[in-house]
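Asker: The following block contains the structure, expressed as structure tokens.
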Amino acid sequence: MRELLLELEQAVQQQKPVCYTCLVETRGSTPQKPGAAMLIFSDGSQVGTLGGGCVEAEVKRRALRVLDSDTPEIMTFQLDNDYGWDDGLICGGRMKVLVDPVRNADDLQYFRTMLQQLAADQGCTEAIVLNPESAEGIAETDRFLINADAEIVASRGNPQPPAQLQAGLKPIQNRPRPYVNAGIAYLTFHQTCQLIVIGCGHVGQKVAELASDVDFEIIAVDDRQEYCNAERFPSAKQLIVGTFDTTLADLPINRDTFIIIVTRGHNHDEEALGYVAQSPARYIGMIGSRRKVKLIFEDLIRMGTPREALARVHAPLGFDIGSQTVPEIALSIVAELVAWRNLDEVPAAYQRTSLVEELKTPDPA
């Protein structure tokens with residue numbers, strides 16, 4: 001989204017007519033979900049996508065008409081036979097798309113504030129009026145940008161929000177998915193999740209590569225400079241080299257932090273888990289066989305780590321997809337990371353009971 005907004009600002013500065021289009025509500029099966037955005041220029045070119053196919057072509061056709069009228073619209077598309085793909089596949093859902101012509105610096109101010117919010121990476125919400133009757137007469141397409149403290153920091157259209165806007169707002173810190181409440185669509189932009197990779201061997205390296213592609217911010221940690229370096233981890237925001245007892249105690253861990261432990265040995269895995277098990281991280285995972293994991297859990301319980309802290313550790317980590325090679329193992333791990341980041345609830349088929357439940361070791365007195 002940041003790149004698209006930069007493209008939008010550049011187009012306006014160059015006096016190129018442009019329409020900002022955004023998917024604001026979906027029902028049923030659709031090629032994209034709310035929040036997908038696309039710029040459409042007067043020559044028919046575009047930046048971004050709403051999912052491709054015939055419906056995107058129709059959005060573009062209608063957007064060019066709106067570009068001449070200067071009036072934003074909410075357009076509804078039923079994905080039936082009229083909008084089937086060239087190969088005959090039909091999604092069968094419904095899409096509502098905001099089409100907003102942007103012509104000058106005054107129009108651009110709202111989007112500049114949005115860009116600032118995204119650059120600050122604290123999370124924000126965009127509220128868009130879809131149903132004026134439900135939203136107390138506020139006009140359709142009126143928009144309000146809300147920061148992580150639930151404060152309205154920008155508006156496009158009527159500057160006075162409907163009374164129910166705040167009542168329907170979910171805390172962005174809880175990472176809600178886009179939703180609609182009382183005629184208002186809420187598009188959510190979450191704080192970037194950081195992934196701390198403890199252990200920079202082959203698995204850690206491949207996980208960092210794949211996780212970076214799906215927008216995790218990578219921090220790589222190892223006690224070996226020859227493994228933890230920019231050549232092996234070009235996408236890492238931070239590389240930390242040092243003994244685990246000195247580096248792990250000072251890691252910046254919060255509720256948007258994911259941690260995987262993939263060191264070169266049992267002892268290092270145990271040491272790392274001992275430092276992070278009681279942290280506020282959203283997700284902690286450790287590689288290894290079931291036997292190794294239980295041995296580590298038993299040792300840590302004897303040393304005073306609470307069972308409830310270990311019970312939230314995903315170990316062995318990664319979805320069971322029959323992985324054998326390093327890329328397959330990394331894929332299974334990143335799939336689990338994405339599921340725990342994006343889903344309100346991970347499907348039951350991928351949930352498993354903690355190995356802590358199988359331990360006989362009593363808690364320390």
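Asker: Each label point is 7 Å from the Cα along the Cα-to-Cβ direction; what then is the distance between the points at residue 103 and residue 1, in nm?
Answerer: So the label points at residue 103 and residue 1 sit 2.7 nm apart.
Asker: For the ranges 201-214, 157-170, what's the packing order if you count other beta-carbon atoms within 10 Å of each residue, average per peptide, and put the highest first?
Answerer: Packing order, densest peptide first, comes out as 201-214, 157-170.
Asker: Averaging sequence separations of C-alpha pairs under 8 Å and six or more residues apart, then dividing by the length of the stretch 268-331, give the relative contact order as a whole percent.
Answerer: Computed value for the stretch 268-331: 39 percent relative contact order.
Asker: Shifting gears a bit: So for the chain: antiparallel DSSP bridges make up what percent, rounded to the nearest 5?
Answerer: The antiparallel fraction comes to roughly 65 percent.
Asker: Shifting gears a bit: Helix 290-302: angle to the longest alpha-carbon principal axis of the chain, degrees 0 to 90, nearest 10?
Answerer: 70 degrees
Asker: Looking at the calculated P(r) for the chain, what percent of the C-alpha pair distances fall above 28 Å?
Answerer: Every Cα pair in the chain considered, those over 28 Å come to 54 percent.
Asker: Another question about this same structure. Return a single number: how many Lys pairs in the chain, at a sequence separation of 8 or more or on separate chains, have alpha-carbon atoms below 18 angstrom apart.
Answerer: Lysine pair count for the chain: 7.
Asker: If you don't mind, there's one more thing I want to ask. Compute the angle between helix 2-13 and the longest alpha-carbon principal axis of the chain, please, reported from 0 to 90 degrees and rounded to the nearest 10.
Answerer: So the helix axis and the longest Cα principal axis differ by about 30 degrees.
Asker: Against the longest principal axis of the chain, how steep is helix 105-120, in degrees 0 to 90 to the nearest 10, with axes from Cα atoms?
Answerer: 10 degrees
Asker: How much accessible area per residue does the stretch 155-245 have, in Å², with a 1.4 Å probe?
Answerer: Accessible area per residue, the stretch 155-245: 45 Å².
Asker: If you don't mind, another one. In the stretch 307-365, which GluC sites (Glu not before Pro) fall in coil by DSSP and have 10 or fewer other Cβ atoms within 10 Å?
Answerer: Passing both the DSSP loop test and the Cβ count: 345.
Asker: At 1.4 Å probe size, with the rest of the protein present, what percent of the exposed accessible area of the chain is carbon and sulfur atoms?
Answerer: Within the chain, the accessible surface is 46 percent carbon and sulfur.
Asker: Students often check this: by mean Cβ neighbours within 10 Å, which of 62-68, 248-254 ranks highest, and how do the rest follow?
Answerer: 62-68, 248-254
Asker: Sticking with this one: Relative contact order of the stretch 239-365, please, whole-number percent, based on alpha carbon pairs below 8 angstrom and at least 6 residues apart.
Answerer: 24 percent
Asker: For residue 314, list long-range residues whose amide hydrogen, built 1.01 Å from N in the peptide plane, is under 5 Å from its own amide hydrogen.
Answerer: Close amide H contacts, sequence-distant or interchain: 284, 285, 286.
Asker: Using a probe radius of 1.4 Å on heavy atoms only, what accessible surface per residue do you get for the stretch 262-318? Whole Å² is fine.
Answerer: Heavy-atom accessible area per residue stands at 43 Å².
The values are calculated or read from the model by the stated rules, or taken from the named source; none is laboratory data. The structure displayed is predicted, hence computed values, not measured ones. Methodologically, a virtual Cβ is constructed for each residue, glycine included, from the backbone with ideal geometry; neighbour enumeration extends over all protein chains shown. Please note that ligands, DNA and RNA were not included when accessible areas were found on the heavy atoms of the full protein model with its side chains. Shrake-Rupley method; radii C 1.70, N 1.55, O 1.52, S 1.80 Å.
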